[in-house]
Amino acid sequence: MLWWDIAFAAMILLMTGVAIADAWPSLGPLWFTIGALAVLLIGYLAVGRAALHRAGRGLEVSAGGYAFVVLVIVVIGSATAVVPSFATMQTLGYPVIWWLLDRYRDTVLASGVLALSVGTGSWAAYLRAGADDPVLPAVTVAALSFVFAVAMGTWISRIFERGEQYRALAEQLRTSQAEVAALSAEAGASAERERISRELHDTLTQTLTGLVMLGEQVDRALDGGQVDHARERLARVQAASRAAVEEARALVATTHPLGDGGLEQAIQRVAASLSDDAGLAVRCELEPLSLDRDRQVVLLRATQEGLANARRHAQANTAVVTLSRDGEVARLTVEDDGLGPQGDPEATETPPSGFGLRGLQDRVRLIGGEMRFGPSAGRGSRLEVRVPLAAAAEGSPR
């Protein structure tokens, strides 16, 4: 309200000086104009200031607000009838109207009434002063002030409305950003849970399954009196346990799962481990390929999944792991001679039925690859994974 206080104080002081200068040395009309200014000041302090403050807070117009608008129109028109220079007070009257009244139609109507009041007062003052044509200047003043006030008020109102729209949009945007941030955090947590689930399935779960199988072999060896064989299996249990510890540490630290030597040696190690632990004869035909880490991880996990399927479900005796380049695609196949699934060996669609295959399919899709799983051309099952040699999709299979 500081600027409204300054505006009213400055206008009243200015008009008091104008009234004195206009009436000097005859002080007859001075008392009327001073009285009109005093009434305006009292009305501002009594109801006008509170009404302006209320309007500034976006509240509905009170009865005091309407009364103050009427008071402003009457005081300015009456004072102009005595001193034509009081038409200058329109510069305060129109802002009061446009600030207080909240409906566009009411503001235009009140502006028209103020223009009519000023025009009538100017006509009366010019007529009393003996002007030849008092109507023309009075109408000109009233018309110009009305048109300017409505044009300026409309422009400012539209700017204010547009600002309110932008403010509402900004609030919606902030709300949406908060929702997106929450959803992103939830999606990130979900993706991390899925990543950990895949890592557990592809690493610790398979290693622990191997430990169970080794333990069963130890029991059978002891029952058969094969102490040396049991000791050899126990040594494998210790080695596999140490490998499980290393896998757990790597999973917690999110370290490189390939180890030393790259993809080819990592696949060789997986094959050798299965051969030692489960007696599955694995032959590897690996072509060295230049792949980034994400693609190497996916192909290693595919090898683990394919061999784990051959060992646990297909009851295979032998398996072949092939890694080769097919144009701009790296192709990995894992074939076994076990009990393969039923279906068309040439089918291109992959119907993943287990968690491991579904997780592997998600990994492959994240890097823009494709996966096929089904019966092999002969006896057994066949897993094929094809991934682009170069990065072509967003995402990380880690």
**OP:** Rank by packing, highest mean first: peptides 10-19, 166-175, with packing defined as the count of other Cβ atoms within 10 Å averaged across residues.
**Re:** 10-19, 166-175
**OP:** Only loop residues by DSSP count here, and only those with at most 13 other Cβ atoms within 10 Å; note down the trypsin sites (Lys or Arg not before Pro) in region 41-83 that meet that.
**Re:** ARG57
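Computed from the coordinates by the stated procedures, all read-outs in this text should not be read as laboratory data. The structure displayed is predicted, hence computed values, not measured ones. Virtual Cβ from ideal backbone geometry, glycine too; neighbours counted across all protein chains shown.
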